[in-house]
Each structure stands twice: as C-alpha cells, then as structure tokens.
Amino acid sequence: MRVASGYSARYGASLPGALVQRAAERGMTTLALTDRDTVAGTVRFATATAAAAAGIRPVFGVDVAVLRQELCYVLLLSTDGSPQGP
C-alpha cells in the first residue's frame, strides 16, 4: 500500500508511526511512504518500521509535482528498500 503522512501538507494526516501501526493491524507486509514533494517523514518511517514486530517491509519514495505545460506527478521509489538508495 502507498500512503502519504502528515509531512505532506494537505495530503496526509497521520504520522509515519501511526501508519505503520495501522498497516500491521491490518496484516500488511509492505508499506510505501510517498509524501508529496518531501522526504521529511523518511527517518520516522524507517524508525517505525524497524520497531514494528509485525515485519512490515518499508518502501521509501516521494510523489513529486512537476510543472511542464501542465501539472503532473511523478512517483519515485527506492529500488533497494533503503532511504538513501544503492
């Protein structure tokens, strides 16, 4: 599942720890944090998933707004599951 946290102004409300807890309660094994135009929640997301005994695999990403002739969005995801990449 892909979610935005409270670090995404106007797009998310919950902090990363609460998102991880909710995903664990629902039996999810993978959760992607893709905040809009920021990676500010990455450290808390990494900490929360490491602390989760449920074994949730974190996927780090960002949803970037790009203005060309019109506004479009590009979703970028880490290929190796780490916040800093290979």
Exactly one of Y73, Y11, Y7 is more than 13 Å from the chain's Cα centre (by Cα) and either modelled with pLDDT of 90 or more or surrounded by 14 or more Cβ atoms within 10 Å (Cβ to Cβ) (or both), and that residue is Y73
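Okay, residues lined up against (1) without any contact (Cβ under 8 Å) to a residue 40 or more places away in the chain; (2) more than 16 Å from D80 (Cα to Cα); (3) in a helix (DSSP H, G or I); (4) not aromatic (F, W, Y):
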{"residue": "R10", "(1), (2), (3), (4)": "yes, yes, no, yes"}
{"residue": "L19", "(1), (2), (3), (4)": "yes, yes, yes, yes"}
{"residue": "G27", "(1), (2), (3), (4)": "yes, yes, no, yes"}
{"residue": "A32", "(1), (2), (3), (4)": "no, no, no, yes"}
{"residue": "A40", "(1), (2), (3), (4)": "yes, yes, no, yes"}
{"residue": "A48", "(1), (2), (3), (4)": "yes, yes, yes, yes"}
{"residue": "P58", "(1), (2), (3), (4)": "yes, no, no, yes"}
{"residue": "G61", "(1), (2), (3), (4)": "no, no, no, yes"}
{"residue": "V66", "(1), (2), (3), (4)": "yes, yes, no, yes"}
Of the residues in segment 17-65, those that are within 16 Å of L77 (Cβ to Cβ), in contact with a helix residue (DSSP H, G or I) (Cβ under 8 Å, 6 or more places away or on another chain), of a type outside the set (V, I, T) and surrounded by 14 or more Cβ atoms within 10 Å (Cβ to Cβ) come to L31, L33, G41, F45, P58, F60
Within segment 50-70, restricting to residues that are at pLDDT below 90 and among the aliphatic types (A, V, I, L, M), the one that is nearest to the chain's Cα centre (by Cα) is I56
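The values are calculated or read from the model by the stated rules, or taken from the named source; none is laboratory data. Because the structure is predicted, anything quoted here is derived from the model rather than measured. Glycine also receives a Cβ, built like all others from the backbone with ideal geometry; neighbour counts cover every protein chain displayed.
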